[in-house]
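Scroll down for the structure; my scribbles are underneath it.
The values are calculated or read from the model by the stated rules, or taken from the named source; none is laboratory data. Computed from a predicted structure; not experimentally measured. Every residue, glycine as well, gets a Cβ built from its backbone with ideal geometry; the counts of neighbours run over all protein chains shown. For accessibility, only protein heavy atoms count, side chains too; no ligands or nucleic acids. Shrake-Rupley method; radii C 1.70, N 1.55, O 1.52, S 1.80 Å.
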Amino acid sequence: MNSLPLLSISIPTYNRARCLERLLTILHEQLGNDPRVELIVSDNASTDGTRGVVEDFLSRGMELRYVRNEANVGGDENIRRCYAMAQGKYTWVFGDDDVLAPGALHKMLSILETSDYDLLYLAAYNFPGQGPQFLPKRRLRPDVFNVTASAVRLIDLVDTHSDFMFISSVIINRSRANSVVPPDLTGY
């Protein structure tokens, strides 16, 4: 890529090859190799078939960066590394066992292209099974917030939205976040 991507989707994973395969299938269907999106898989030294799943998608032409930690560094550190590796204007650290509703990625990219946000909060839903029957009623837009000017506003959002800290629910504008919180999050 000549320029930075609009969105980095960075997936921390550990020993959940089947979940990762489901997610990569969904991303491949919705994304193709859209140049606006950088896709990263950070494997926390899995001992299952995770590497094989990723290699299968690479062999089918899916563009993604696969990074395998030499040793398991723990979940929090793997998530921090996902954020640190991302190069996009926006970063979405997305759980390996989470899924996207049909058309969701296209809608998110359209929204991200329309304005400059600090972060986007997406409602998370639990689902009992597989297939389109689990999907909730569609919302027209995610909640978008500009919060870096007010730490009180951010604290209010965390208190108001119980899954605000659920990683797959938040897309972060990297440069704005880094201007408020140091990019090295190891102290948190």
* Matching option when the condition is part of a helix (DSSP H, G or I) and either touching a Phe, Trp or Tyr at 6+ places or on another chain (Cβ under 6 Å) or of a type in the set (Ser, Thr, Tyr) (or both), among Leu112, Leu20 -> Leu112
* **Filter result for Gly61 (part of a loop (DSSP other than H, G, I, E, B), touching a residue at least 24 places away in the same chain (Cβ under 8 Å), over 17 Å from the mean Cα position of the chain (by Cα) and more than 24 Å from Thr114 (Cβ to Cβ))** => yes
* **Inter-residue pairs, beta-carbon under 8 Å, first touching a residue at least 24 places away in the same chain (Cβ under 8 Å) and more than 10 Å from Arg174 (Cα to Cα) and in segment 67-92, second among the charged types (D, E, K, R) and crowded, with 19+ Cβ neighbours inside 10 Å, 6+ apart** => Val67/Asp43; Val67/Arg81; Arg68/Asp43; Asn69/Asp43; Asn69/Arg81; Val73/Arg81
* Scope segment 69-81; condition modelled with pLDDT of 95 or more, loosely packed, with under 14 Cβ neighbours inside 10 Å and not acidic (Asp, Glu); matching residues -> Ala71
* Asked: What pairs come up if the first residue lies in segment 29-48 and is over 13 Å from Asn15 (Cα atoms), the second is of a type in the set (A, V, I, L, M) and in a strand (DSSP E or B), and their beta carbons are under 6 Å apart, counting only those six or more places apart or on different chains?
  -> Leu31/Val37; Val37/Leu7; Leu39/Ile9
* Any residue in segment 101-115 that is more than 19 Å from Ser175 (Cα to Cα) and open to solvent by less than 20 Å² (accessible area, probe 1.4 Å)? -> yes
